[in-house]
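> Shown below is the structure under consideration.
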Amino acid sequence: MFGINQNCEIALPDTYYTLEDYQSNIPRWCPGCGDNSILTAVQRLCRDEQLAPEKTVFVSGIGCSSRLPHYMGTYGFHGLHGRALPIAEGVKIRRPDLNVFVNMGDGDCCSIGTAHWIHAVRYNMNMTVMLHDNEIYGLTKMQASPTSPQGLVTNTTPKGSYLKPIKPLSVTLGISNVSFVAQVAEWMPELMFEIIKKAYYHKGFSFIRIVQRCPHFTPHVFDDLMNPDSALLLQHEDGLSSSETMLKTYKEQEIHDPSNIDRARELADIDDVLPVGILYRNENIEVYDETRRRQRFVTHKMRKDALETQFDKFLIEPVSGGNGHA
Amino acid sequence: MDKVDTLAKNAPDQTGEKKKVIIKEHIIEIVSDAGEGAQKAGQSFGGISAKAGNGIWTVEIIPAEIQPPPRSKAGGSGNRIRVGSFYITNAGDEADLVVAFNEQSLLGRFESGNLKPDAIVLLEDKWRNHADPDIKKMYRDAIDDLKKTPLRIYEVPMEKECLKIVQNAQRGKNMWALGMLCSVYSRDLESARNEIRLTFAKKGEKVIKPNIDLLESGFQWAEENLDFKFEIPSAGITKPQIVINGNTAIALGVVASGMDVCAMYPITPATSASHFLSEIFENVGGVVHQAEDEIAAAAFAVGASYAGKCAVTITSGPGLALKTEVLGLASMAEIPLVLVDVQRGGPSTGLPTKVEQGDLLMSLFHTHGDAPKIVMAPATIEDCFYAPVTARKIAETFRMPVYILSDANLATGQQPFAKPEFKEEWVAPPFDQSPVPDGKQPYDWDEETGLSTRIIPGQPGGMHTVTGLAHSRQSKVAYEPWTNQEGMENRSKKLAAFQKTLQTPKVNGDDKGDILIVGWGSTKGVIEEAVNIARDQGYSVSSLHIKYLQPMASGIKEIMQRFKKVITVEINYSDSYKDKIFDENNRRYANLALLLRARYLVDVDCWSNVYGQPIKPHSILDLIKERSE
Ligand SMILES: Cc1ncc(C[n+]2csc(CCOP(=O)(O)OP(=O)(O)O)c2C)c(N)n1
Ligand code: SF4
Ligand SMILES: [Mg+2]
C-alpha cells in the first residue's frame, strides 16, 4: 500500500512499517502447524494496512494458538484460558483508539469461554476475533474439544469421542447483535488474508472461524476438507470477490449475499462441505463501545462539581449543641 | 442528662402537659412486611436526627427474600436507628422503642433478642379485628402473651388514621409512622417535611403532598394520644457533614478517585454501590459495565486497567471466589486493580443479606501459587469513602491488586462524617503515552523495592506482550529456572516496600495491660465502645484495630506482647474453646487470629460468631469480664 507507488503525490508518512516490525520472538509451534499461517496473515495485514504497532493489541487466552501475541511486534495480552474476550472488551472500552485483535483456540472459545463468546457477540464491540479451530486441545496434548468430530480418538476418548460437535458458526449466527461471521481454512492463505482484512474493516465484532491443522495430534482430521472440491467458495459483490486463481482452484461456488442471515444459517449448518467466505455481515448494529462512549475530558472542576451535587443531597449543616463531633 | 428510661407508665403530669424526658441515646427500630416502607421511614428518621445534630448509626433489617410471606417472623424488614447526643459508631445493644406494622415482625425482633425487656412498642392494631379469624386470633394471642412481659405495648390505629388521608394505607403508613416518631422524639416538623421533599423530589408534588399530610397526621395523633415524649439533645456539628451508607460512600469514593471503569456482576450486599455509581458515573466520563459473570467482570476490569488507568470491580464473597484466577493474573502481570468485596455470610450462598467478616483469609490466599496483593478494610462509613481513593493510588504505584474488604454492616449502615473536600491529587493523572526510551523494559524491577513503571499500549517503542506465564524483565516467557524466582522475589518486594509506608496502629486505651482486643473492619466502633465502658468500670483492657491486613504495619507484635491476653473479636466462624472436642491440636481460629498467630508467634485467642448480626457492645463487655477473671 504505502510507499509502493513512487509517483504517488500523497505525502507519505515518515514511518513505514515493514513485516519485521510486526515480528517478535521466533514461533515455537510444531512444524506445519496451521497457527504459523495465521500469524503470517495477520502480520501481512498489519504491514499492508500500516497499523501502528503501538496502537495495536493482540489479546489471547491459553492454548497453542494463544501464543500468537508473543510472536507479534505489537502490544499483546496473553491472558487466561477462556478469558480473552472479556479482557479485550476491557481494553476496547478504555481505548477505542487501539486496534484490538483476539486469538482463541476451540477449547478457549467454545468450551471454557463459551459464556464470554455468547455475550461478546451480543456486545458487538469493535474487534477482530479469530477462532483457531483445530478441533482438538493442542497445548494439553490431545483431548477432545467441543468441536472434535464425533468418534475422534483422543486421550480422553480412547474409544472415540461420544458427542456431536458444537457448530461455532451456527451458534454465533444465533446470537442477537451478530454482525460479522466468516469462515476460512488456514491452508487458503490468500482467502484467509482477504477475510481477515474485511473483518478488520468491519465496524463491530467480526468473528472468523479459521479451520486450523494440528499436524502433531490430528494430522488427518481435515484430509477430506483439504480437497479443494470440499470448499464452497462464497462470492458476492458485497462480500468477497476472489482472484482468477481462487476461482479456478475452488470450483464449488455460491453467490451469497452476506446480508441474508437465513441462507447464512443454512450454510453454517452444512456438514459435508466447508463454506468459505463471509457468511453474514451487518454494519447497522449498535456497537457497545460506541453506545457506552465515555466523555473523554473530565476536568477536576467537573469531578468536584459532580461530587458536590451528591454531597448536597446528603448534607448536614452545622448545628450548635454538645461539644461537636465533626 | 442520664435519666434514661425513667418515665413513669403514665407520663402526663397534673398540668396535662407531657413531660419531656431528656435522654442521651435511644435505639429505635421500625419493622414491617417487605415493601411497606419501614426502611425508608427509618432512614428518613435517621436523616432528620442527623440534621438536628445528633450522632446516628442506622442499619437495615433485611429479610433474605424479596417477597417473604407477609406477617412472618423472619420476613420483617426495616431499620434500626441508634440516635444519641454523642458520636455514634455502631448499632448498639437492644432497642428502646420499636414501631411494628404487624405483631409477627415484632415477635421476630423480640425473640431474636433485639429488644430491651421493657422496650416501648408502638404496634399497628388493625389485626385485632381482622376479618380473617386466624389472623385475629394470632394477633390477640401474641398480644396476650407479650403483655405478660415487661414490654410497654401501645396499640396504635395506624391504618385507620392513614385511611383518613389516602386510599391505600399500605403505601404511606411509613410516613405516618415517621410523623409519630417525630412527635415522640420532639423533632422539628418542618425539618421532617424537608426530608420528605428531598426523598420524593424526583416524584414531584403529587407524591410529596400526601406524604406530608400523613407525616403531620402521625405527628398530631402522637401528640394527642401518647403519654410520653423524649428529647435527645444535639451533639453539635461544627463543620458540614454528609450522611450516607457505606456502599454509597464507596461509589462516591470511586468517583473521587478518578477511576472510570467499573465492571461488576450483581450480588448482594454489594450491588447497591454499583446502582448508585450507575446513576452518576457517566457524568464524570465513567462506565459501569454489567458483565455476564464475575470472571468476565474481573477480566474486563483487568483489560481496562492494562490499557490505561486503574479500573475497579465490585463484588461479594461468591463473586470473589469466581474472580480468583483473574486476580492471580493481575498480580502476576503486575496490572493495577481495585477490588471491593462487600462481605456477606458464607460459605456458598450462606447468608446473602447478613454481615460476616469471613473473606479475610480468602483474600490473602485464594490464588494458587504466590500472588502478592494488598488487603485493606475500612472501619467506618468515612473510611469507605476514602478507601477507593487510597486503593487506586496504591494499586497504580505498586502495580498490584488492592482489595477493599467492606461488609454488610457498613454497606447499609448510615453514619454522618465531615463533608469531604475534593483534592485534585486524589485523581489518577492521565496515563503516559510518550515514547518509551531505548532499553526500558516492561518489568524494570528496582533492586531494592521491586517497583517498575508500567508501559501502556499506545506508547511507541514499548511493544511487548504481558502474560500470566512466568516471565522475564522483558515480559518474555521464562524458560530458565532463575527467571521465575527473580520475578517472584520482585513482586514480593513490592509488598515489603509498601509495608514500610504503614504506620503502627494506635492502641485505644493504655498500651499495656491484661487484655488486648484486636479487630478489623466494621467492628471498630463497637469494640472501642465496649472497651471504653469496661475501662470506666476498672478493667485493664485496650483495643487495637488493624486497617491494613496485608501487609501489616510494624509494631503490632510489640503491642500484643505488652498484654497478658490477646483476643480477636470478629464476625466469622471459629471453634469455641469451651467445646470439649476442640483442643490445641484441632481448634480452628477466626480469620485474623490465625493470621496474627502465624505472623507473630503470639498466642492470640479469638471470640467470634456467625449469627449474621452486628456484634452488640454488651457481648464484648461480657467477654472482657469473663476473660478478666
Ligand atoms: C482454568 C484452566 N483450565 C485448564 C487449563 C489447561 N489448558 C490449557 S490450554 C487448554 C486447551 C487448549 O485447547 P484449545 O483452546 O483448543 O487451544 P489449542 O492448544 O488447541 O490451540 C487447556 C485445557 C488452563 N490453562 N486453565
Ligand atoms: S500441538 Fe498442534 S496446535 Fe499445538 S503447536 Fe503443535 S501442531 Fe500446532
Ligand atoms: Mg484447539
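The values are calculated or read from the model by the stated rules, or taken from the named source; none is laboratory data. Given the structure is predicted, the values throughout are model-derived calculations rather than measurements. As a convention, Cβ positions derive from the backbone with ideal geometry for all residues, glycine included, and neighbour counts pool all protein chains shown.
> Please verify whether A:Leu279 is surrounded by 13 or more Cβ atoms within 10 Å (Cβ to Cβ), in contact with a Lys or Arg (Cβ under 9 Å, 6 or more places away or on another chain) and at the interface with chain B (Cβ under 10 Å from one of its Cβ atoms), treating the condition exactly as stated.
no
> Sticking with this structure for a sec: Consider A:Arg67 carefully, then state whether it is at the interface with chain B (Cβ under 10 Å from one of its Cβ atoms) and within 16 Å of ligand 2 (Cβ to nearest atom).
It is true that A:Arg67 is at the interface with chain B (Cβ under 10 Å from one of its Cβ atoms) and within 16 Å of ligand 2 (Cβ to nearest atom).
> Look at the stretch A:139-185 and say how many of its residues are within 16 Å of ligand 2 (Cβ to nearest atom) and touching a strand residue (DSSP E or B) at 6+ places or on another chain (Cβ under 7 Å).
Number satisfying all stated conditions: 7.
> Considering the stretch B:92-113 alone, what residues qualify as being in a loop (DSSP other than H, G, I, E, B) and in contact with a Lys or Arg (Cβ under 8 Å, 6 or more places away or on another chain)?
B:Gly92, B:Asp93, B:Glu94, B:Phe101, B:Asn102 - these are the residues of the stretch B:92-113 that are in a loop (DSSP other than H, G, I, E, B) and in contact with a Lys or Arg (Cβ under 8 Å, 6 or more places away or on another chain).
> Continuing with the same structure: Considering only the stretch A:13-34, I want to know if a residue exists there that is facing another protein chain (nearest Cβ under 8 Å), outside any loop (DSSP other than H, G, I, E, B) and either on the phi < 0 side of the Ramachandran plot or modelled with pLDDT under 95 (or both).
no
> Residue by residue through the stretch B:435-473, note down the ones that are within 11 Å of another protein chain (Cβ to nearest Cβ) and surrounded by fewer than 15 Cβ atoms within 10 Å (Cβ to Cβ).
Within the stretch B:435-473, B:Pro435, B:Pro460, B:Gly461 meet the criteria.
> So A:Gln6 fits all but one of (1) more than 16 Å from ligand 1 (Cβ to nearest atom); (2) of a type outside the set (D, E, K, R); (3) at pLDDT 95 or above; what number is the exception?
(3)
> Just checking: which of the strands (runs of 3 or more DSSP E) contained wholly in the stretch B:226-266 hold 2 or more residues that are in contact (Cβ under 8 Å) with a residue 12 or more places away in the chain and at the interface with chain A (Cβ under 10 Å from one of its Cβ atoms)?
Of the strands (runs of 3 or more DSSP E) lying wholly inside the stretch B:226-266, those with at least 2 residues that are in contact (Cβ under 8 Å) with a residue 12 or more places away in the chain and at the interface with chain A (Cβ under 10 Å from one of its Cβ atoms) span B:241-245, B:261-264.
> Can you find even one residue in the stretch A:105-112 that is in a helix (DSSP H, G or I), within 19 Å of A:Cys33 (Cα to Cα), among the charged types (D, E, K, R) and within 15 Å of ligand 3 (Cβ to nearest atom)?
Yes, that holds for at least one residue.
> So how many residues does the stretch A:306-324 have that are surrounded by 14 or more Cβ atoms within 10 Å (Cβ to Cβ) and either among the small types (Gly, Ala, Ser) or more than 9 Å from every other protein chain (Cβ to nearest Cβ) (or both)?
4
> Scan (1) touching a residue at least 60 places away in the same chain (Cβ under 8 Å); (2) under 30 Å from B:Gly76 (Cβ atoms) for the single condition B:Gly350 breaks and write down its number.
So B:Gly350 meets the others, but not (1).
> Considering only residues that are in contact with a helix residue (DSSP H, G or I) (Cβ under 9 Å, 6 or more places away or on another chain) and of a type in the set (Val, Ile, Thr), look in the stretch A:135-171 and name the one that is nearest to ligand 3 (Cβ to nearest atom).
A:Ile136
> Kindly indicate which of B:Phe417, B:Phe422 is among the aromatic types (Phe, Trp, Tyr), touching a strand residue (DSSP E or B) at 6+ places or on another chain (Cβ under 7 Å) and surrounded by fewer than 24 Cβ atoms within 10 Å (Cβ to Cβ).
B:Phe417
> Now a separate question. Could you run through the stretch B:561-601 and say how many residues are loosely packed, with under 15 Cβ neighbours inside 10 Å and either in contact with a strand residue (DSSP E or B) (Cβ under 6 Å, 6 or more places away or on another chain) or in contact (Cβ under 8 Å) with a residue 60 or more places away in the chain (or both)?
So the answer is 1.
> Any residue at all in the stretch A:18-30 that is away from ligand 2 (no atom under 16 Å from the Cβ) and buried (at least 22 other Cβ atoms within 10 Å of the Cβ)?
Yes, the stretch A:18-30 contains a residue that is away from ligand 2 (no atom under 16 Å from the Cβ) and buried (at least 22 other Cβ atoms within 10 Å of the Cβ).
Residues checked against (1) more than 26 Å from B:Pro430 (Cβ to Cβ); (2) more than 14 Å from every other protein chain (Cβ to nearest Cβ); (3) more than 16 Å from ligand 2 (Cβ to nearest atom):
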residue: B:Ala304; (1), (2), (3): no, no, yes
residue: B:Thr324; (1), (2), (3): yes, no, yes
residue: B:Ile335; (1), (2), (3): no, no, yes
residue: B:Arg344; (1), (2), (3): yes, yes, yes
residue: B:Thr349; (1), (2), (3): yes, yes, yes
residue: B:Val355; (1), (2), (3): yes, yes, yes
residue: B:Asp370; (1), (2), (3): yes, yes, yes
residue: B:Ala377; (1), (2), (3): yes, yes, yes
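> Right, here's the next one. Going by the structure shown, is B:Pro429 on the phi < 0 side of the Ramachandran plot, at pLDDT below 95, part of a loop (DSSP other than H, G, I, E, B) and not charged (D, E, K, R)?
yes
> Mind checking which residues of the stretch A:108-164 are aliphatic (A, V, I, L, M), out of contact with any His (no Cβ under 6 Å at 6 or more places or on another chain), within 10 Å of ligand 1 (Cβ to nearest atom) and within 14 Å of chain B (Cβ to nearest Cβ)?
A:Leu139
> Contact list please: Cβ distance under 6 Å, first residue in the stretch A:135-164 and of a type in the set (Phe, Trp, Tyr), second residue surrounded by 13 or more Cβ atoms within 10 Å (Cβ to Cβ), pairs at least six apart or on different chains.
A:Tyr137/A:Gly107; A:Tyr137/A:Gln143; A:Tyr137/A:Ser145
> Which residues, taken from the stretch B:233-260, are in contact with a Ser or Thr (Cβ under 8 Å, 6 or more places away or on another chain) and surrounded by 23 or more Cβ atoms within 10 Å (Cβ to Cβ)?
Answer for the stretch B:233-260, where residues must be in contact with a Ser or Thr (Cβ under 8 Å, 6 or more places away or on another chain) and surrounded by 23 or more Cβ atoms within 10 Å (Cβ to Cβ): B:Ala235, B:Asn245, B:Gly246, B:Asn247, B:Thr248, B:Ile250, B:Ala251.
> From A:Ser206, A:Ser241, which residue is more than 16 Å from ligand 3 (Cβ to nearest atom), of a type in the set (Ser, Thr, Tyr) and out of contact with any Phe, Trp or Tyr (no Cβ under 6 Å at 6 or more places or on another chain)?
After ruling out the rest, the residue left standing is A:Ser241.
> Can you list the strands (runs of 3 or more DSSP E) lying wholly within the stretch A:197-260 that have 1 or more residues being away from ligand 1 (no atom under 16 Å from the Cβ) and of a type in the set (Gly, Ala, Ser)?
Hits in the stretch A:197-260: A:205-211, A:231-235.
> Give B:Phe300, B:Phe281 a once-over and let me know the one that is among the aromatic types (Phe, Trp, Tyr) and either within 15 Å of the chain's Cα centre (by Cα) or at the interface with another protein chain (Cβ under 7 Å from one of its Cβ atoms) (or both).
Going through B:Phe300, B:Phe281 in turn, the sole match is B:Phe300.
> Moving on to the next point. When only residues in the stretch B:117-130 that are in a strand (DSSP E or B) and without any contact (Cβ under 8 Å) to a residue 40 or more places away in the chain count, which is nearest to B:Ala169 (Cα to Cα)?
B:Leu123
> Going residue by residue through the stretch A:78-85, is there one that turns out to be surrounded by 22 or more Cβ atoms within 10 Å (Cβ to Cβ), assigned to a strand (DSSP E or B) and either of a type in the set (Phe, Trp, Tyr) or within 14 Å of ligand 1 (Cβ to nearest atom) (or both)?
Yes, the stretch A:78-85 contains at least one residue that is surrounded by 22 or more Cβ atoms within 10 Å (Cβ to Cβ), assigned to a strand (DSSP E or B) and either of a type in the set (Phe, Trp, Tyr) or within 14 Å of ligand 1 (Cβ to nearest atom) (or both).
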